[in-house]
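Each remark here refers to the structure printed beneath this line.
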Amino acid sequence: FTGNYGEQQYWGSNRDDLTTDLTWFVDDLAGSHELKGGIEYSRLWLPDDGFCSTGTPNGERCVAGVPGYFFRDFWSDGPLPILMTEDYRWTEAEYTGALTAAFVQDSWRPTRNLTLKLGVRYDTVSYDDNEGTEVADMAMLQPRVGLAWDLTGDARTLLRGSWGRFMHPNALTLPSYATTLRTGSYTWYSCSNVVPAPWPDGFGTPIGSADECESFAAGRGWRYGTDNENWHPYGWILPPSEIYGSEPGAIDPDLTATNADELIMAFEREVGTRSSIELAWVDKKTRDVFDDTCNGNFPTPSADAECDFFVVANLPELRRDYRAFIVSYESRGLDWLTLLASYTWSTSEGSVEYNQNSGLIVNLYPWSFDNIYGYLSDHRTHRIKLNGFITPGGDWTVAFDGFWSSPFTWTPYADRRDNQEIPLDSFHLLEPRGSREANSSYQLDLQL
């Protein structure tokens, strides 16, 4: 890519929150209770004052109707770029949303060594597009339960557990996918060094002039043009398949909020003076993940599906699964030593990364749908952590903080450079995600 970043953005956001809750203590109803309830209301507002490409003429700030250019150099052995992305910025827009929540819970202590926590939370969130039309309305009931049990009654052996459902309300960028102010993005091919390439549809004849380039485009019903930097003496051509975003995106009216079910179980026991060991199990499943895909792939993906615009929907192919077993040891048994150590065995699997920005999104079938489930980028089978400090005497302290983790994973993939049937800017995972191991890592920090 060219050295400059591809986007310039000017925007601000605002959120007004109103929250209140009430707590009521009851001591003589089958044990003691701490009853609590609350409500929350948030008004969200995002003014889109500017979102456009860099490379505008004379370096102008975002201006409606003024294009920005981004040049791409990959596959090219020569000094000139081979692709040019032309983006137009739409006029200023405002997006709004509202989040409402209510919850009730009871921290109930039926006996002196057992505490139960029972609760439920209900969230609703809605978003409006730039014309004030509601484009998403999601709601979810989220039950939760927990316990803490002093098994021996002497505060030396503790069993803890919790299960809950947690809703992810998304962000205010969601309605921007359905904006009615689309102006389009165009990916142009260089006549100087792309058209002569051996493309599957018969490309291969070298272009020797701007007239030949224009004639080549006209013969296929494509557009011909130049760029403001005059990179190529022969000009550029625009296939219809490289016109994006000219149609407004859509949001599935039945969109459901992404949610996670999380189970945690832990057993903790005192082992010596001011020392304890804990065994914990964590299981977290994230479902109803939504992302955008070509309109022809929803609800059923297929080869050669239409891609006139993108649809945001809950895609059944997207999910995340995390499991971990954790052993922790904490000790202040010696006056001069404080120590905290842990070992974690875990698996982090899924078909979409936690930031949903892995570059491997499910747009084009079958290329971006194949092999997408597997180990995620944060997967480490083993992790060891050790930290604490020593006070040898006087005013001296020696502190240490270290970790070691087993290898991270990676996946071999192919793109247009490897297989010309793969669409531009798309990837094909050649093996299940995270099938290969790379390097382990460690770090040790010391402080005196």
For segment 324-435, which whole percent of the accessible surface, found with a 1.4 angstrom probe, sits on carbon and sulfur atoms?
-> 58 percent
Within the chain, helix-based [θ] at 222 nm, where runs of 4 or more DSSP H residues each add -39,500 (n - 2.57), nearest 500 = -500 deg cm²/dmol
If r is the Cβ-Cβ distance from D415 to T180 and R0 is 41 Å, what FRET efficiency results, to the nearest 0.05?
-> 0.80
Residue among W345, W149, W11 with the largest mean-square fluctuation in a Gaussian network model of the chain, springs linking Cα atoms under 10 Å = W11
Mind checking which of N14, N230, N371 has the largest fluctuation in a GNM of the chain, springs on alpha carbons under 10 Å?
-> N230
Using the alpha-carbon centroid of each, what span in Å lies between segment 226-241 and segment 417-448?
-> 34 Å
Would you mind calculating the relative contact order of segment 328-448 from Cα pairs under 8 angstrom and at least 6 residues apart, reporting the percent as a whole number?
-> 26 percent
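Restricting to Cα pairs below 8 Å that are 6+ residues apart, what does the relative contact order work out to for the chain? Please round to a whole percent.
Relative contact order, the chain: 9 percent.
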Points 7 angstrom from Cα along the Cβ direction at A399 and S209: gap in nanometres?
-> 7.4 nm
A student applying the Cα gyration tensor rule (rounded when a/c is under 1.5; otherwise prolate if a/b is larger than b/c, oblate if not) would label segment 228-332 prolate
With Cα springs under 10 Å, the Gaussian network model of the chain assigns the largest mean-square fluctuation among Q420, Q142, Q105 to Q420
With a Förster radius of 35 Å, plug the Cβ-Cβ distance of R223 and T347 into 1/(1 + (r/R0)^6) and report the FRET value to the nearest 0.05.
-> 0.10
Please identify every one of the trypsin sites (Lys or Arg not before Pro) in segment 216-288 that sits in a loop by DSSP and has no more than 13 other beta carbons within 10 Å of its own beta carbon.
-> R220, R274
Hey, what angle do you get for helix 210-219 against the long axis of the chain, alpha-carbon based, 0 to 90 degrees rounded to 10?
-> 80 degrees
Note down the nm distance, to one decimal, between modelled labels 7 Å out along Cα→Cβ at S441 and at A30.
-> 5.0 nm
Cross-link partners of K285 among lysines (Cα-Cα below 26 Å; sequence separation of 8 or more within a chain) | K117, K385
Ignoring ligands, DNA and RNA, what accessible area per residue does the chain give at 1.4 Å, in Å²?
-> 54 Å²
In 5 Å bins starting at 0, how do the alpha-carbon pair distances of segment 370-415 split up by percent?
-> 5, 15, 16, 12, 11, 9, 9, 7, 6, 4, 3, 2, 1
Could you check how much of the accessible area of segment 79-195 is carbon and sulfur, as a whole percent, using a 1.4 Å probe?
-> 57 percent
Two-site label geometry, L340 and E431: point separation in nm, points 7 Å out along Cα→Cβ = 3.7 nm
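The values are calculated or read from the model by the stated rules, or taken from the named source; none is laboratory data. On a predicted model such as this, the values are computed, not experimentally measured, just so you know. Here the Cβ is made from the backbone with ideal geometry for all residues, glycine too, and neighbour counts use every protein chain on show. Heavy atoms of the whole protein, side chains included, go into the accessibility calculation; ligands, DNA and RNA do not. Shrake-Rupley method; radii C 1.70, N 1.55, O 1.52, S 1.80 Å.
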